[in-house]
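Any read-out appearing in this document is the output of simple, stated calculations on the displayed coordinates, not a laboratory observation. None of these values were measured; they are calculated from a predicted model. With ideal geometry, Cβ positions are generated from the backbone for all residues, glycine too; neighbour counts draw on all protein chains shown.
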Amino acid sequence: MSTPVPRNKVAQWIEYRLPVFSWMNHNLTDFPEPKNLNYWWNFGSLAGIMLVWQIVTGIVLAMHYTPHVDMAFDSVERIMREVEWGWLMRYAHMNGGSMFFAVVYIHIFRGLYYGSYKSPREILWWLGIVLLFLMMGAAFTGYVLPWGQMSFWAATVITNLFSAIPWIGGGVVEWLWGGFGVDNPLLNRFYALHYLLPFIIVGVVILHIWALHHRRSNNPLGIDIKSAKDTIPFHPYYTIRDMFGMGAMLFVLFVFVFFVPNMLGETINYVEANPLQTPSHIVPEWYFLPYYAILRAIPDKLGGVIAMLVSILVLFILPWLDTSKVRSARFRPIYKQLFWVFLADCIVLGWVGAQPAEGVYIVISRICTAYYFAHFLIIMPILGKLERPRPLPESIHEAVLKKRGPAQPAAAMEKH
Amino acid sequence: MAETSHQHGVPGAPPSGETRRDFLILTAGAMGAIATIAVVWPLLETMNPAADTLALSSTEVDLSAIEVGQSVTVVWRNKPVFVRRRTQEEIDAARAVSLDDLGDKQTDEERAPKPEWLVLVGVCTHLGCIPLGTKKGDPRGDFGGWFCPCHGSHYDTSGRIRKGPAPKNLEVPAYQFVSDTLVKIG
Amino acid sequence: MRRLIAAASAALVLGLAGLTPAAFAATEGGALPHTDFPHVGIFGKYDQPALKRGLQVYREVCAACHGLKYIAFRNLVALGLGNDEAKAIAEGYQIPDGPNDEGEMFERPGRLSDHFPNPFANEKAARASNNGANPPDLSLVTKGRDGHEGYIYAILTGYEEPPADFALGEGMAYNKYFPGHQIAMPPPLSDGQVTYEDGTEASVANMAHDVVTFMAWAAEPELEERKAVGLKVLIFIGLLTAVLYAINVRVWSRVT
């Protein structure tokens with residue numbers, strides 16, 4: 001990899017004082033990536049694109065939104081009706097949130113499948129979990145802002161989770177509210193936080209990428225890069241692939257934005273918040289449903305809150321719970337199956353989270369919650385010891401050659 | 001970015017450009033440029049005055065309570081509008097001025113079709129301050145009209161700039177008399 | 001790549017199936033009688049004549065108790081009314097304004113920039129004259145109720161004699177589709193209640209269809225523009241993605 005000196009005089013002048021060109025060259029253009037990454041590796045950069053998307057549309061919305069209980073709902077409707085392209089910005093932001101979570105969840109499950117959390121990428125993984133928490137905070141504070149019925153009652157229910165803290169819970173909740181209930185002080189501070197959190201996310205993303213570039217990307221084989229033969233430069237190979245991925249992602253996003261903009265939202269949120277009447281069916285947005293199912297599966301208030309928190313916190317110790325010496329599920333015949341079982345478990349949790357908390361749904365949610373924790377706390381440690389992984393290839397380069405190899409004789413035979 | 005890429009660092013890259021790919025890259029580049037404009041344009045357009053803001057474009061003023069020599073200030077599009085019922089001396093002074101003495105050449109007949117009533121947007125054409133001269137006891141400047149305290153612009157009894165940094169006369173908004181005592185601005 | 005698409009679409013289908021708990025659930029009175037409004041669907045547009053008739057039904061019937069606060073008279077131009085017609089409608093309403101120079105509040109005829117006024121001064125006044133119920137503002141009802149247009153239509157046409165053993169409250173009406181079946185709104189529509197200029201029969205079914213179409217427009221005035229822009233955007237981004245994919249394939253064919 002060469003470190004090109006910029007030919008342009010102005011660029012040289014800048015480069016001498018602040019080496020932006022060689023920095024960009026190192027991190028974006030020539031950065032060596034494993035040459036066997038598959039399309040599941042697109043989702044990290046797609047998440048970055050969604051973050052920018054949300055910040056840009058969000059700033060535009062903030063220019064028109066009024067964070068006051070008497071005006072918030074009206075100001076959102078004014079954006080929808082009176083502001084030029086306001087409906088587009090609002091729907092793009094609303095559905096953009098869902099797209100952001102969808103992309104990030106795929107990114108996380110890719111990491112789980114290919115063992116991207118394992119040494120030496122633990123801190124990279126931790127930063128990712130921190131990002132997930134920050135995103136959840138941004139999503140929740142943002143959901144409250146339109147001040148519809150579901151905004152109000154989501155704020156009420158979620159802030160009341162803190163009342164589960166022994167002794168000081170009640171005081172903490174009043175502190176969060178800035179009053180004796182969900183009201184204007186809460187709306188104001190949520191607006192402030194909703195504007196702040198994305199920029200904290202940007203900061204942590206920078207650390208996340210720093211860690212990534214320090215220890216390099218994992219790859220579908222889960223083996224380390226051994227020589228330059230194993231890599232290709234980021235540009236043009238992954239820039240073009242990421243641009244293609246962005247096009248495909250935006251296509252899906254635009255289907256929602258333009259044709260079914262309210263499908264993922266709750267109907268009742270188009271009724272202005274009414275502190276005296278709870279909607280008959282309270283559900284969070286789809287991306288929170290699995291946690292919500294875990295919360296409701298535990299019959300104890302404090303226990304439910306703890307279980308919900310631990311369901312994400314457990315990811316922090318996953319690098320040590322997974323005792324396998326092999327990273328990628330490709331070479332772990334049993335884990336490969338159990339990964340899909342775990343994914344199915346999460347989807348069922350999401351589904352049951354949307355159902356009323358009664359009868360058979362409670363039973364299902366308890367079984368799935370138990371399995372969720374068992375997967376991390378029991379299966380992962382034991383499986384790593386018992387499972388016999390399949391032999392790993394010598395190097396990325398050889399594995400790629402082998403895969404491509406048989407194609408050439410076959411093509412040659414066709415000629416005869 | 002795209003064109004510098006395959007010239008270095010790519011193992012086994014074919015040395016000659018391929019026309020198909022060049023065509024594809026040109027197409028993608030052009031479409032990408034269009035897409036960027038199509039994204040940026042609506043983002044900027046959101047900052048235009050919204051439909052409800054544009055709709056609030058007229059104000060009605062009841063003139064019956066204004067006595068000769070008196071002025072009132074009303075609000076139109078978030079800006080003050082001065083309505084002055086001029087005395088005969090003020091009208092005569094305004095009409096006697098030769099166009100040669102004016103920086104922004106407008107006759108008083110153009111500016112006040114009904115000579116008794118002068119309607120002006122009360123925003124100094126220099127940098128947007130509100131000139132004095134409407135309230136009793138306000139300084140009216142050297143020409144008996146309005147005086148802008150920010151940078152010392154003097155306007156005459158027709159609201160025309162006579163002295164100071166302002167480049168233009170005080171703007172006359174579009175207005176019409178609905179009746180003898182009711183004027184609609186905007 | 002194909003596997004990825006298959007997996008993604010499977011996830012999407014699974015996700016969607018699990019995520020719409022209420023949308024597909026049957027409402028209390030069974031299946032909704034009329035849901036296929038012409039503006040529903042990917043290319044759907046508002047039924048323009050119905051919009052105009054719906055405005056008439058709203059003004060002559062609903063407006064006695066229901067506000068429409070997010071619609072200004074100037075918006076009516078989108079229904080195909082001329083500026084003067086919209087102005088005439090506006091002037092038919094008295095809009096509270098003030099204070100005037102004496103400090104008094106007063107009422108004046110509406111202007112194009114005014115919004116439809118609420119028939120009641122405040123919520124308490126509304127409840128006092130409506131048997132304790134607060135007639136909801138109609139600007140967002142089709143968007144803010146499960147079942148959407150179909151549900152509103154069902155309510156308007158779902159009045160029946162209560163079953164013999166049903167204990168109906170004082171001043172309440174029985175409605176097949178209303179949760180709990182007791183509704184404070186008396187049957188609002190009856191055959192021939194309005195006289196349509198275009199000769200359409202003013203049956204309850206027609207009036208309900210028209211006024212629900214009108215309410216759908218009031219809730220989503222951007223709908224037609226949104227779909228039209230969306231189609232262009234999707235075609236464009238689809239083509240761009242295809243071109244990027246072609247470049248992607250070419251670039252990657254060099255990797256050995």
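Details
- Inter-chain Cβ neighbour count for B:41-52, averaged per residue, equals 6 (cutoff 10 Å, partner chain atoms only).
- C-alpha center-to-center spacing [the range C:175-214, the range A:167-204] in angstrom: 46
- Most fluctuating residue given options B:Ile91, B:Ile25, B:Ile161, as computed from a GNM of chain B linking Cα atoms under 10 Å: B:Ile25
- Choice from B:Thr157, B:Thr36, B:Thr107 with maximal GNM fluctuation in chain B (Cα, 10 Å cutoff): B:Thr36
- Euclidean distance between Cα centres, the range A:32-109 to the range C:117-143, Å: 35
- From phi via Karplus (6.51, -1.76, 1.60), per-residue ³J(HN,Hα) for the range B:80-94 in Hz, x at Gly/Pro: x, 10, 8, 10, 10, 8, 7, 7, 4, 4, 5, 5, 4, 4, 5
- Exposure proxy order (Cβ contacts within 10 Å, fewest to most) of C:Glu149, A:Glu174, C:Glu102: C:Glu102, A:Glu174, C:Glu149
- Dipole moment magnitude, nearest 20 debye, the protein assembly as shown about Cα centre, only Lys, Arg, Asp, Glu C-beta charged: 5320
- Listed residue (C:Ala246, C:Gln56, A:Ser311) projecting farthest to the positive dipole end of the protein assembly as shown, Cβ model: C:Ala246
- From helices alone, chain B scores -7500 deg cm²/dmol at 222 nm; the rule is -39500 (n - 2.57) for each run of n ≥ 4 DSSP H residues, then divide by the residue total.
- Magnitude of the charge dipole for the range C:104-256, about its Cα centre and with charges confined to Cβ atoms of Lys, Arg (+1) and Asp, Glu (-1), is about 1200 debye.
- Residue mean of other protein chain beta carbons inside 10 Å, A:186-193: 0
- For the pair the range B:57-91 and the range A:249-306, the centres of their Cα atoms are 56 angstrom apart.
- Partner chain coverage, peptide A:75-85 - average Cβ within 10 angstrom: 6
- Nearest 10 degrees, 0 to 90: helix C:223-252 Cα axis against chain C principal axis: 10
- Max mean-square fluctuation residue, GNM over chain A, Cα-Cα springs under 10 Å, options A:Tyr114, A:Tyr291, A:Tyr270: A:Tyr270
- Summing +1 for each Lys or Arg and -1 for each Asp or Glu among the other residues whose beta-carbon sits under 15 angstrom from that of A:Pro261 gives -2.
- The residue list A:Ser119, A:Trp167, A:Val157 was ranked by how far each Cα lies along the charge dipole of chain A toward its positive end, using unit charges on Cβ atoms, and A:Ser119 comes out on top.
- For the protein assembly as shown, with +1 on Lys and Arg beta carbons and -1 on Asp and Glu, the positive-most of A:Val76, A:Val348, A:Leu145 along the dipole: A:Val348
- Proximity of backbone amide H atoms, modeled 1.01 Å from N, is registered between A:Val182 and no other residue at under 5 Å, excluding neighbours fewer than 5 places apart on the same chain.
- Net +/- balance of residues flanking A:Phe73 in space, Cβ distance below 13 Å, scoring K and R +1, D and E -1: 0
- Which of C:Asp191, C:Asp210, C:Asp114 has the fewest Cβ neighbours within 10 Å, and the rest in rising order: C:Asp191, C:Asp114, C:Asp210
- Nearest 10 degrees, 0 to 90: helix B:19-45 Cα axis against chain B principal axis: 20
- Against chain C, whose longest principal axis is taken from its Cα atoms, helix C:148-157 shows a tilt of about 30°.
- Cα gyration tensor category, rounded, prolate or oblate, for chain A with a/c compared to 1.5: oblate
- When each of A:Leu112, A:Leu309, A:Leu124, C:Leu156 is scored by the number of other beta-carbon atoms lying within 10 Å, the sequence from fewest to most is A:Leu309, A:Leu112, A:Leu124, C:Leu156.
- Taking a sphere under 15 Å around the Cβ of A:Thr141 and counting the other residues whose Cβ falls inside, with K and R at +1 and D and E at -1, yields a net charge of 0.
- The range B:86-132: relative contact order in percent, alpha carbon pairs under 8 Å with at least 6 residues between: 31
- Tensor-based shape of the range A:89-194 (alpha-carbon gyration tensor, a/c under 1.5 rounded, otherwise prolate or oblate): oblate
- Using the rule -39500 (n - 2.57) for each DSSP H run of four or more residues, divided by the residues of chain A, the 222 nm mean residue ellipticity is -20500 deg cm²/dmol.
- Dipole size of the range A:1-147 about its Cα centre, with +1 on Lys/Arg Cβ and -1 on Asp/Glu Cβ: approximately 540 debye, rounded to the nearest 20.
- In Hz, Karplus ³J(HN,Hα) per residue of the range C:182-190 (6.51, -1.76, 1.60; θ = phi - 60°; x = Gly, Pro): 9, 10, 7, 7, x, x, x, 10, 9
- With 10 Å bins from 0: P(r) over the protein assembly as shown, alpha-carbon pairs, percent: 2, 10, 16, 18, 17, 15, 11, 7, 3, 1, 0
- Global geometry of the range A:273-392, whether rounded, prolate or oblate, following the gyration tensor of its Cα atoms and the 1.5 cut on a/c: prolate
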